[in-house]
Every structure is written in C-alpha cells, then in structure tokens.
Amino acid sequence: MDTTAKQEEWLASIAAAADAGALAAVEKRLLGPKGEVLELVRSVTALPKDERPAFGKAANLVKQAVEAALAAARERFADSALKSELEATDFDPTEPGPRRARGTLHPITIVQNELVDLFRSMGFREADGPEVESEYFNFDALNIPGDHPARESQDTFWLDDDNLLRTHTSPVQVRTMLRLSKHGFEPPLRVIVPGRCFRSETVDKTHEHTFYQMEGLVVDRGVSVANLIHTMKTCLRVILERDLQVRLRPGFFPFVEPGFELDVNCPFCAGKGCSVCKQSGWIEILPCGMVHPHVLREGGIDPEEFTGFAFGMGLQRVVMLRYGIDDIRQFMGGDLRFLQQFAEVPR
Ligand code: DAH
C-alpha cells in the first residue's frame, strides 16, 4: 500500500476541517476504534515476513504525522474559540488591573533615614546592638552600678536577673568601642546608632513604652564641647529645616561628664513663649555630654589619651517638632489616616 499517498489524503482532510466539531469527526474516522490509520498500522500482519519491518516503520511515521497535525489543528480551534468568547463579552484583557495599595514610610523612618544620610556625610558610620541587652552593657558599663539611683529613672522591662529590653541606645557605645579596641584599632571613632528602646512607661501624650533613639559617639584626640555643639547644631538645622539657636544647660547622666541638656528655640512661637515650650521659649531636645572616663575604659580606650562626646536623640521628639505632631501615641497607633500623610510618593 502507498503510505505516502494515504498520509497526504489524511492531512488534507484534517486541514479541511472547518471547526472543532468537524475536526473531532475527522479524528474519530482516522484514530477511532476502527480508524483508518490504525487499520493501516494493523495491515502489516497481512504482509510477507520480509516486507513487514519496512512497512511497519513507514506506517508508524504516518500515524505520528497524523497525530501531530490533529494536535496542531485542535490548538488552532481552541485559540479562536477563546477569541470569539472574548469578543462576545466586553471584557478587555488590555485594561490595567486593580492597583495595589502602596505602603508608605513611617515618619520616624523618614527622619531616621535623613539623619543617617546627614551623619554619613559628616564621616559617621552606623552601628547596631541587640534590643535584648545585658544588665552590664545597659547599666554597669555606662557607669550606672546596681545601687545607683539613675537606674530608678529608667523603668525597665527585666526579662530575667541579667537581661532586659534595652532602655536606651547608649549600651552600643561600649559595644562599639570594645569591638574596635579588641582588634587593636584606635580612634578616631564616629558612629551613630539608630534603634528601638523600651521602658515600662504608662502611655500618655508624651510617653511611650516603645520608642526610638539615635545615639551618637565621637572619640578622638582633643575632642571638645565645641565639636559637640557644632555637630548638634548642624544636625538640628538640617533636620528641622530652619535656622535655630541652641543653648546648653547642665544635665546629669552618669556616662558623661560634663553632661548637658541641649535646647533649641521653640519653632512654634519663635522663642516668644507658648504652650508647647511652656512659655520658656526653649524646647529640650537632646541630652549629650563628654564621654565619662569610666565608659572609655570599659570600651578599652585610654581616657588619658582620648576624649569624646556622645548624644542620645529621642527620634519621636524630633519628628514631632518637625511635623507639628502633638501626641506621641500616633506613632505606634497604626492609624492609616495619620500614617498616609507622610507618603513621599504620589499615591
Ligand atoms: N541614654 C540617655 C537616655 O536615654 C540619653 C543620653 C544622654 C545619651 C546623654 C547620651 C548622652 O549619649 O551623652 O536617657
């Protein structure tokens, strides 16, 4: 039998099928239980033995060609079925889908990022430390021994006898100095430490149990209060976006000597006196001071040779001043109406 002629005939009938129904009929005629193609393959048994291998091979090739042509045709009809189904409705597959709501940066993150950029430009590096801190780093290394009243002022979440949720970012001062001195490196050292802190506070308009600080530490030969004031003034001018005056008052923190409270003139009344600054014209914004020799020593640095300054900025405080926010609870409140006001990208 001429397999080539048969194949051509069958492929032509597949090509001639006008729709999916006609194609199914052709498929049945060719490959169904008594299908013509199967008959062809089976007819091999009627041949003399020596002709069988060649014929069998040819017949199988025909069968494969028919199957492939059928599969291709089926796909063609499926595509056009989908197309006519789409045309029958007003569904437009080219229309953009629903927009995904886009999150925004938290105002604390926005200000923190700006501060990190600013301090980087002044040669500082970022350092980090654990939120679950040891008693030693949180207190003792900072010159606050067990019986010191300064411990009382930090309402502490103790986890067990030796560990607590850090009450400030200052422990990273000693951690960073140690990491440096342990490997034989010497100052200059300029780091900032943005981070989350915790105190067992009763929450109200100005107190939160979870808050953010940014610690700063500079150690070098001949570092003085003048360097401290200049750095702080630059930082506040950039972050509060205005020219400002600062003043230093004595402040007590066991890990600095002398210690200061740095105030800025009140942005709400330009120093005239209002309810925000309690009529004083000044707002307390930044505790700071010259690093205590005890702290340098704990960090493995010789206080006879090096001096340093440190500061501990309350980030919420700065954010509140910058945006005129009057309630610290907004930050952790998760109210989208509050948070979406700080969208930097158009929504
Ligand atoms: N760690 C202090 C606190 O949370 C703030 C502070 C004061 C940090 C003076 C400093 C500093 O680095 O020099 O109350």
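The values are calculated or read from the model by the stated rules, or taken from the named source; none is laboratory data. It should be emphasised that the depicted structure is a prediction, and the values quoted were computed from it without experimental measurement. Cβ placement follows ideal geometry from the backbone for every residue including glycine, while neighbour counts extend to all protein chains displayed. When the accessible area is computed, the model is the full protein with side chains, heavy atoms only, and any ligands, DNA or RNA have been set aside. Shrake-Rupley method; radii C 1.70, N 1.55, O 1.52, S 1.80 Å.
Go through the chain and flag any cysteine with no other cysteine's C-beta closer than 4.7 Å, please.
When partners are defined as cysteine Cβ atoms under 4.7 Å apart, the chain leaves Cys197, Cys235, Cys288 without one.
In the stretch 97-189, which GluC sites (Glu not before Pro) are in a loop and have at most 16 other Cβ atoms within 10 Å, using DSSP for the loop call?
Glu131
Keeping all protein chains in position, work out how much accessible area Phe268 exposes to a 1.4 Å probe, and write it in Å² to the nearest 10.
Estimated to the nearest 10 Å², Phe268 gives 100 Å².
Lys233: which lysines have alpha carbons under 29 Å from its alpha carbon, excluding same-chain residues fewer than 8 sequence positions away?
Counting by Cα, and skipping residues close in sequence, Lys233 has these lysines nearby: Lys205, Lys272, Lys278.
From the Cα gyration tensor of the stretch 208-347, with a ≥ b ≥ c the square roots of its eigenvalues, which class applies: rounded if a/c is under 1.5, or else prolate if a/b is larger than b/c, or else oblate?
prolate
Which trypsin sites (Lys or Arg not before Pro) does the stretch 18-92 hold that lie in a coil by DSSP with at most 15 other beta carbons within 10 Å?
Lys34
Given Met290, Gln330, Ala22, which one lies farthest toward the positive end of the charge dipole of the chain, if we put +1 on the Cβ of every Lys and Arg and -1 on the Cβ of every Asp and Glu?
Ala22
More than 23 angstrom separation, counting every C-alpha pair in the stretch 3-87; what % is that? Walk me through the intermediate numbers first.
Details: 1073 of 3570 pairs.
Pairs farther apart than 23 Å: 30 percent.
As an exercise, identify the trypsin sites (Lys or Arg not before Pro) in the stretch 203-300 lying in DSSP coil whose Cβ has no more than 15 other Cβ atoms within 10 Å.
Lys205, Arg221, Arg242, Lys272, Lys278
Per residue, how much accessible area does the chain have with a 1.4 Å probe, in Å²?
Normalised by residue count, the accessible surface of the chain is 56 Å².
Subtracting the Cα-Cα distance from 0.36 nm times the residue separation, let me have the gained length for Lys233 to Asp117 in nm, one decimal.
40.2 nm
Convex hull over the Cα atoms of the stretch 1-148, averaged projected area in nm²?
25.3 nm²
If each DSSP helix of 4+ residues adds -39,500 (n - 2.57) and the sum is divided by the residues in the chain, what number results at 222 nm, nearest 500 deg cm²/dmol?
-12500 deg cm²/dmol
Expressed as a whole percentage, what fraction of the accessible surface of the stretch 3-87 belongs to carbon and sulfur atoms when a 1.4 Å probe is rolled over the protein heavy atoms?
59 percent
Report, ordered by chain and residue number, the aspartates and glutamates lying within cross-link reach of Lys182, taken as a straight Cα distance under 14 Å and ignoring same-chain residues fewer than 8 apart.
Of all the aspartates and glutamates, those that pass the test against Lys182 - Cα under 14 Å, at least 8 places apart if same chain - are Glu298, Asp302.
Want the number for Ala150 to Asp50: 0.36 nm per residue separation, take away the alpha-carbon distance, what's left?
25.3 nm
For Gly289, what residues show an amide H to amide H distance below 5 Å, using hydrogens built from the backbone and excluding near sequence neighbours?
So Gly289 has HN proximity to Phe260, Ala310.
Quick one: what are the phi-derived ³J(HN,Hα) couplings along the stretch 274-286, Karplus 6.51/-1.76/1.60 with θ = phi - 60°, whole Hz, x for glycine and proline?
8, 6, 5, 9, 6, 6, 8, x, 10, 10, 6, 10, 8
With a 1.4 Å probe and every protein chain kept in, tell me what percent of the accessible surface of the stretch 173-266 is carbon plus sulfur.
51 percent
What are the residues whose amide H is under 5 Å from the amide H of Ile325, where those residues sit 5 or more places off or on another chain and H is modelled from the backbone?
Long-range HN contacts for Ile325: none found.
Using the Karplus curve 6.51 cos²θ - 1.76 cosθ + 1.60 with θ = phi - 60°, work out ³J(HN,Hα) for each residue of the stretch 91-97 in order, rounded to whole Hz, and write x for Gly and Pro.
Taking θ as phi minus 60°, the curve returns 6, 10, x, 8, 6, x, x Hz for the stretch 91-97.
Go ahead and collect, in residue order, the members of the stretch 210-254 whose backbone nitrogen is under 17 Å from a label point 7 Å along the Cα-Cβ direction of Ala270.
What the label zone holds, given the 17 Å backbone N cut-off, is 241-246.
Which distance in nm do the two modelled labels at Leu105 and Gln64 give, with both placed 7 Å along the Cα-to-Cβ direction?
So the two model labels end up 6.2 nm from each other.
State whether the stretch 196-267 is rounded, prolate or oblate according to the following rule on the C-alpha gyration tensor (a ≥ b ≥ c being the square roots of its eigenvalues): a/c under 1.5 gives rounded; otherwise a/b larger than b/c gives prolate, and the remaining case gives oblate.
oblate
Work out how much length Ala78 to Asp220 would gain on full extension: take 0.36 nm times their residue separation and subtract the Cα-Cα distance, in nm to one decimal.
The span from Ala78 to Asp220 would gain 43.5 nm if fully extended.
Using alpha-carbon pairs under 8 Å, 6+ residues apart, how would you state the relative contact order of the stretch 273-347 in percent?
Answer for the stretch 273-347 is 23 percent.
May I ask you to list, by number, the DSSP H helices of the chain whose Cα span along the axis is at least 18 Å and whose average Kyte-Doolittle hydropathy reaches 1.0 or more?
On the way: long enough: 3-16 (20 Å, -0.14); 52-88 (54 Å, -0.07); 107-121 (21 Å, 0.41); 225-240 (22 Å, 1.16).
Length and hydropathy pass: 225-240.
Quick one: accessible surface of Thr307, probe radius 1.4 Å, all protein chains present, in square angstrom to the nearest 10.
Rounded to the nearest 10, that gives 50 Å².
Between Asp204 and Thr94, how high is the FRET efficiency from 1/(1 + (r/R0)^6) when r is the Cβ-Cβ distance and R₀ = 35 Å? Nearest 0.05.
On the way: r = 55 Å, r/R0 = 1.56.
Step by step, r from the Cβ atoms, then E = 0.05.
Where the centre of each part is set by its Cα atoms, how far does the stretch 232-300 sit from the stretch 201-216, in angstrom?
Here the answer is 17 Å between Cα centres.
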